[in-house]
Structure formats: C-alpha cells, structure tokens
Amino acid sequence: MTSTAAQQFTGRAARAARATRRGRRPGRRRERAWAYLMVAPMTIGLGVFYLWPIAQTFYYSFTSSGPFGGHTWTGTDNYKALADDPTVGQAVVNTLVYTGIQLVGVPLAILLAALLNQQNLRGRSVYRVIFFLPAVTMPVAMAMLWRWMYDGNYGLVNYLLSTVGIQGPHWASDPAYAPYALAAIGIWMSLGYNMVIFLAGLQGIPAEYYEAARMDGAGPVRTFLRITVPLLTPSIFFVTVLTLINSLQMFDLAYMMMSTPNAPAGNGNPALPKVRSIPYLFFQKSFVEHDIGFGAAVAFVLVGFIVLMTFIQFRLQKKWVHYA
Amino acid sequence: MPEHASRSARPRHRARSVATHTVLVAASVLVLGPFFWEVVTALKPFSETTRLPPTLLPHHWQWSNFSKVFDSLPFGRMFLNTALVTVARTVGQLLFSSMAGYAFARMRFRGSGLLFGLFLSVLMVPGLVFLIPQYVLLQDLGWLNSLKGLIIPGVFTAFGTFLMRQSFMALPHEVEEAARLDGANPWQIFWRIALPLAKPALLALTILTAMWSWNDLMFPLVINTDPEKMTLSAGLANLQGEHFTDYSVLMAGSLMATAPMIVAFILLQRHFIQGIAFTGSKS
C-alpha cells in the first residue's frame with residue numbers, strides 16, 4: 001500500500017520536474033488565475049476607497065465647490081489662498097511644535113526600556129503592562145481625562161501645584177500653555193508603545209557585548225552610551241519615523257481638548273489658534289465649513305510635510321543608523 | 001555570581017536596584033495616577049468633584065453617574081456598533097490581507113510589481129487624504145449613517161497586505177512545494193498550509209486593527225452623525241459637548257468606553273506587546 005502511494009508520489013514529482021525542465025509547470029496558467037482571484041478583493045477595495053480618492057482629493061484641491069455640489073476648476077487658487085491665510089501658517093507651526101515635543105519623548109522611552117532590560121529585574125512584566133496601558137486606550141477618552149485633570153479650578157494638576165504654592169493656569173484654554181499641555185498628553189500616551197519597541201531592540205543586542213564591556217571595566221553609563229545606544233539605532237530610527245508620521249497627523253487629542261459646548265469644532269476656545277494642527281484645520285475646512293477645495297489643498301500640505309520629513313529622515317539615517 | 005565577588009558587589013548592586021525601582025515606580029505613578037483619578041471621579045457626585053482640596057476617595061459613592069451616561073446617549077447601541085464594526089473590519093482585513101499578501105509573496109502574475117507599488121503608495125499617504133472622496137462616495141451609495149459605511153472601507157488595508165506578504169515571504173518553501181506536488185491547488189496550499197504558519201502575523205494584525213478600529217475618531221465623526229449609528233469615540237465627543245463640566249459623568253462614559261480594550265489588553269498582554277514588537281521589527 002505504502003509503496004504504491006510512494007510510487008504514485010514520485011511519479012507525479014517526476015512528471016512535474018520534467019514539465020519544469022521544459023520551461024513550464026503544469027497549471028501555470030491556473031496558478032495565475034488563482035493569483036488574480038486572491039488579489040482581486042483587496043485591489044478593488046483599495047482602488048475604490050483609497051487609490052482613486054488620492055487622485056480625487058488632488059483634483060478637488062484645484063477646484064472650488066458650489067453650495068449644491070459640483071466643482072469648478074480654479075487652478076491654483078486654493079493654494080494661493082492657503083499661502084495667504086495666516087491660520088494655515090499657524091497650523092503648520094503648531095503641528096511642527098507638537099511634533100518636535102513628541103521627539104523629546106523618544107529618549108525617555110529609551111531610558112525606561114534600558115531600566116526594564118536589566119538582568120534579574122523583578123516585576124518587569126508588571127511595569128511593562130503599566131507603561132503600555134495608555135497606548136491601548138482610546139485617545140478621545142484619554143483627552144477627556146486629561147482635560148479634567150487640567151481643569152483650571154478643580155483639576156488635579158493645579159491642586160498638586162497649589163500644594164507647593166504655585167497657582168496653575170487654565171491649561172486647556174490658555175493659549176500660552178495649551179499647546180504644551182496637549183503635547184504632554186501625546187508623550188504620556190506614546191511612551192509605553194515606543195518603550196516596547198526599544199525593549200525588543202535591546203533584547204536583540206547580544207549579551208557578549210555587555211560581557212566584553214564589563215571585562216574592560218566600563219561603567220553602566222559608558223556601556224549605555226557606547227554599546228546600547230549605537231546598537232539600538234535601527235529601533236531609534238524606526239520610532240523616530242513613526243513618531244514624526246503620527247504626530248504630524250494628530251487630531252483626536254486637539255479636537256477633544258478644544259471642543260466647547262455647542263461648538264464642537266472648538267471655535268469658542270481661545271487657545272484654538274495655538275493648538276489647531278494641520279489635520280484639525282483640514283477637518284474644520286472640509287467638514288464644518290464645507291470648503292472642500294480648500295480642505296483638499298490643506299490635506300496636500302500635510303502630504304508635503306510628511307514626504308519631506310520622511311525623506312530627510314531616510315537621507316540622514318546613513319549618517320547615524322548602524323545596521324548590525 | 002561567584003562568592004568572592006558578591007560580597008563587595010552586593011551593596012552597590014542593592015543601591016542600583018533600589019534606584020531603578022524608584023524611577024520605575026515614580027513613572028508607574030505618573031501613568032496610573034490619571035487612570036486612578038478617572039475611576040474615582042466617575043464614582044463621585046458632581047458636588048464632590050468641585051470641592052477643594054479634592055477628596056481622594058468618594059465620600060458618597062454615586063453609581064448613578066454610569067446610568068446618566070445611558071440617559072444622555074444611546075450608549076448601549078454605540079457600544080454594540082463599535083463592537084460590530086471592530087469585529088467585521090478585523091475579520092475582513094485578516095481574510096483579504098492574507099489572500100493578497102500570499103499572492104504577492106508566493107505567486108507570479110503579470111502586473112504584480114506595479115500593483116504592489118500602488119498598494120505601498122496608499123501606505124505612505126496620510127488618512128485624511130482619502131476622507132473627502134470617501135465621504136462623497138458613501139453619500140452617493142446612501143451609506144452615510146450606516147454601519148456598512150463604517151465597516152466596508154475599513155476592511156481594505158495596504159498595511160495589512162504588506163504585513164502578511166512579509167510574513168509569508170519568511171516561511172520556508174518546502175512544505176508548500178510538497179503539497180503542490182501532492183496535487184493541492186494554490187488556494188488549498190494557502191488556506192491549509194501557509195495561513196496556519198502565519199499565525200504571529202495574523203495575531204499582530206488582529207490586535208492592531210481592533211485597537212485602531214475601536215479608538216479611531218475622525219472617520220466615524222464624519223461618516224455618522226446619527227447617534228444610533230455612532231461609535232463610542234464619536235459618542236464620547238458628543239457626551240463632552242453635552243455634559244461639559246460634569247466630569248463625573250464624562251469619566252463614567254470614558255471609563256466604560258475604554259474598559260473592553262483595557263481588559264483585552266490585560267488578558268492578552270503578551271500578545272499585544274509581541275504584536276507591537278513584531279510589526280516594529282518587520283517595518
């Protein structure tokens with residue numbers, strides 16, 4: 001029984017091998033048909049809901065939309081209007097400030113990961129769960145929570161400050177403080193996520209390096225700077241790119257922090273001009289003011305920034321990222 | 001540790017361990033403190049939230065804050081919507097991403113390079129670029145204010161396809177080759193052999209999709225304005241508009257909206273963390 005099965009098997013294999021030698025495998029065409037069937041759903045879906053919309057948004061950015069729908073070609077008018085609009089410039093500045101502050105969180109995440117990566121550390125997995133918690137919770141809910149803690153009169157933050165004799169501002173509505181208060185939430189939320197990526201990177205560093213450093217009598221700080229950091233640069237690069245891309249698209253936190261009663265887009269909050277990010281401006285123009293053309297142009301300003309930042313990152317990486 | 005070294009090293013080792021735990025505990029307090037405050041506030045009466053100095057634990061435990069959330073929003077409905085949308089998107093993404101990812105990784109067909117390049121271009125464009133045309137399209141289809149409007153665009157993902165392709169490419173060819181020689185067709189090879197081997201990637205994609213779907217705001221905010229069809233994120237935004245300074249109710253709502261993800265995370269923490277680290281090392 002088994003020998004016939006084996007013969008059958010080798011017979012089939014031999015036929016397949018002969019066919020391959022002749023330059024075509026049996027069922028080549030059938031395999032191709034299967035391939036088309038398997039990519040079809042995703043291709044159609046991405047085409048309809050994502051690829052074609054890129055072209056459409058690009059087209060809209062050169063049009064002006066009428067009150068009853070319909071688009072009129074207006075050339076580069078939207079982009080000219082956008083360049084002259086101070087709120088756009090301010091939104092760009094706000095987005096860059098927010099993004100810059102988020103980058104400050106990256107070294108903090110490395111520090112936490114390095115502390116957690118120490119040998120024989122007790123409670124590592126508990127700490128890891130704690131630090132990661134904000135990354136899995138809904139940003140909308142976290143923004144509400146922080147807004148409550150930032151409350152000028154009854155918030156926990158100002159109460160704690162008052163115990164050391166400082167009178168805190170209205171964090172969520174004072175234009176001088178709101179952008180930084182918002183950025184602090186962003187760091188608080190992404191710290192654990194970044195830390196997990198660094199921890200995985202650290203665990204990939206061979207123990208022999210540390211052993212060698214210890215033999216040479218290097219202290220913990222020196223070891224960290226000379227061994228850990230250089231070998232961690234691929235992770236640092238990844239986290240930096242991720243942080244840039246995510247921070248440039250920040251919307252939820254600002255939206256929740258700025259909203260005021262009966263004006264969900266936050267037009268009543270005096271801090272809005274200093275907090276409004278590019279995505280926020282896009283949302284406001286496109287879906288609150290229904291100025292589709294202008295909104296589409298704002299979207300492409302963001303695309304420009306993301307492409308530029310990513311390009312700079314990838315150019316610079318050759319100088320500082322060490323791939324083992 | 002050898003005996004002679006430990007005697008001199010122990011005090012220093014001890015000091016270092018204490019310093020490490022001091023920093024880690026301080027950081028933990030900074031992370032958990034706000035969550036603690038959320039829970040405590042959700043249980044206080046409104047009058048107690050405006051008391052100074054604030055009370056650490058509620059003097060009067062007011063559970064009715066939770067029912068107030070249900071009074072001002074169809075919260076149960078929103079909860080169900082979010083769960084349905086999350087499950088449907090995740091299942092769809094897993095199926096379509098692994099099908100396309102497998103074809104890109106293992107099968108040769110005309111135009112695969114071009115197609116994959118187009119997929120990658122979607123990956124690099126920020127989400128808001130798709131939003132206006134998606135809105136217009138869903139409006140034309142009559143799918144605004146419907147769950148299918150939330151679900152269907154969300155089952156297609158360039159990221160998922162990319163992730164699955166990478167993971168199929170890392171599998172050894174031998175098993176699939178043997179099955180092919182046994183006469184299995186490409187679908188059988190994909191479904192019975194390759195897919196079970198790609199479990200880590202499937203799990204990572206499940207977690208990331210579920211998290212993203214549960215937490216996302218801008219898309220549901222734009223697509224659905226009918227509270228009966230809203231997800232929790234948009235619902236919370238509405239709740240904040242209504243109970244602007246009644247933080248007890250707001251915290252009760254946010255606590256209920258985030259609880260499922262937090263519970264899932266605590267139960268499946270290893271998978272969550274591995275999933276994130278997995279995609280971190282793949283990208």
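A single entry from B:GLY149, B:GLY160, B:GLY127, B:GLY142 fulfils the requirement of being more than 13 Å from every other protein chain (Cβ to nearest Cβ), of a type outside the set (A, V, I, L, M, F, W, C) and closer than 30 Å to B:ASN224 by Cα: B:GLY142. Taking (1) more than 22 Å from A:ARG147 (Cα to Cα); (2) of a type in the set (A, V, I, L, M); (3) buried (at least 23 other Cβ atoms within 10 Å of the Cβ) in turn, B:VAL249 satisfies each apart from (1).
Any residue in segment B:196-214 that is buried (at least 17 other Cβ atoms within 10 Å of the Cβ), more than 23 Å from the chain's Cα centre (by Cα) and closer than 26 Å to A:PHE131 by Cα? No, segment B:196-214 contains no residue that is buried (at least 17 other Cβ atoms within 10 Å of the Cβ), more than 23 Å from the chain's Cα centre (by Cα) and closer than 26 Å to A:PHE131 by Cα. In segment B:172-182, the residue that is nearest to the other protein chains (Cβ to nearest Cβ) out of those that are without any contact (Cβ under 8 Å) to a residue 60 or more places away in the chain and not small (Gly, Ala, Ser) is B:LEU181. The residues on offer are B:SER112, B:SER17, and the sole one that is in contact with a helix residue (DSSP H, G or I) (Cβ under 8 Å, 6 or more places away or on another chain) and either modelled with pLDDT of 95 or more or facing another protein chain (nearest Cβ under 9 Å) (or both) is B:SER112. The residue that is nearest to A:THR163 (Cα to Cα), among those in segment B:20-54 that are hydroxyl-bearing (Ser, Thr, Tyr) and touching a helix residue (DSSP H, G or I) at 6+ places or on another chain (Cβ under 6 Å), is B:THR49. Of all residues in segment A:114-129, exactly one satisfies the criterion of being facing chain B (nearest Cβ under 7 Å) and touching a residue at least 60 places away in the same chain (Cβ under 8 Å), namely A:ARG128. Of the helices (runs of 4 or more DSSP H) lying entirely inside segment A:158-265, the ones with 2 or more residues being within 14 Å of chain B (Cβ to nearest Cβ), without any contact (Cβ under 8 Å) to a residue 24 or more places away in the chain and more than 21 Å from B:LEU217 (Cα to Cα) are found at A:207-215, A:220-223. If we scan segment B:183-195, do we find a residue that is of a type outside the set (Phe, Trp, Tyr), part of a loop (DSSP other than H, G, I, E, B) and in contact (Cβ under 8 Å) with a residue 60 or more places away in the chain? Taking every residue of segment B:183-195 in turn, none turns out to be of a type outside the set (Phe, Trp, Tyr), part of a loop (DSSP other than H, G, I, E, B) and in contact (Cβ under 8 Å) with a residue 60 or more places away in the chain.
Per-residue answers, yes or no, for (1) acidic (Asp, Glu); (2) assigned by TED's automatic domain parsing to the domain that holds B:SER248; (3) crowded, with 17+ Cβ neighbours inside 10 Å:
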| site | (1), (2), (3) |
| --- | --- |
| B:ALA42 | no, no, yes |
| B:PRO45 | no, no, no |
| B:SER72 | no, yes, no |
| B:MET78 | no, yes, yes |
| B:TYR102 | no, yes, yes |
| B:ARG110 | no, yes, no |
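For segment B:88-102, indicate whether the set of residues that are part of a helix (DSSP H, G or I), under 18 Å from B:GLY253 (Cα atoms) and of a type in the set (S, T, N, Q) is non-empty. No, segment B:88-102 has no match at all. For segment B:213-228, the set of residues classified as more than 10 Å from every other protein chain (Cβ to nearest Cβ), of a type outside the set (S, T, N, Q) and farther than 23 Å from A:GLN284 by Cβ consists of B:GLU228 only. Every condition in (1) part of a helix (DSSP H, G or I); (2) more than 22 Å from the chain's Cα centre (by Cα) holds for B:ARG108 except the one numbered (1). Of everything listed in (1) under 17 Å from A:ALA81 (Cβ atoms); (2) at pLDDT below 95; (3) not in a loop (DSSP other than H, G, I, E, B), the single unmet condition for A:HIS290 is (3).
Checking each residue in segment B:237-275 for being at the interface with another protein chain (Cβ under 9 Å from one of its Cβ atoms), in a helix (DSSP H, G or I) and either among the acidic types (Asp, Glu) or free of Cβ contacts under 8 Å to residues at least 24 places away in the same chain (or both) picks out B:ALA237, B:GLN240, B:GLY241, B:GLU242, B:LEU250, B:THR258, B:ILE262, B:PHE265, B:ILE266, B:GLN269, B:ARG270, B:ILE273. You will find that of B:PHE35, B:PHE66, B:PHE79, B:PHE70, the residue that is within 32 Å of the chain's Cα centre (by Cα), within 8 Å of chain A (Cβ to nearest Cβ) and in a helix (DSSP H, G or I) is B:PHE35 and no other. When the criteria are applied in full, B:LEU56 meets the requirement of being within 11 Å of chain A (Cβ to nearest Cβ) and assigned to a loop (DSSP other than H, G, I, E, B).
A:ALA184 passes every criterion in (1) in contact with a Phe, Trp or Tyr (Cβ under 7 Å, 6 or more places away or on another chain); (2) modelled with pLDDT of 95 or more apart from (1).
The values are calculated or read from the model by the stated rules, or taken from the named source; none is laboratory data. Please read all numbers here as calculations on a predicted model, not as lab measurements. Heads up, the Cβs are rebuilt from the backbone with ideal geometry, glycines too, and the neighbour counts pull from every protein chain shown.
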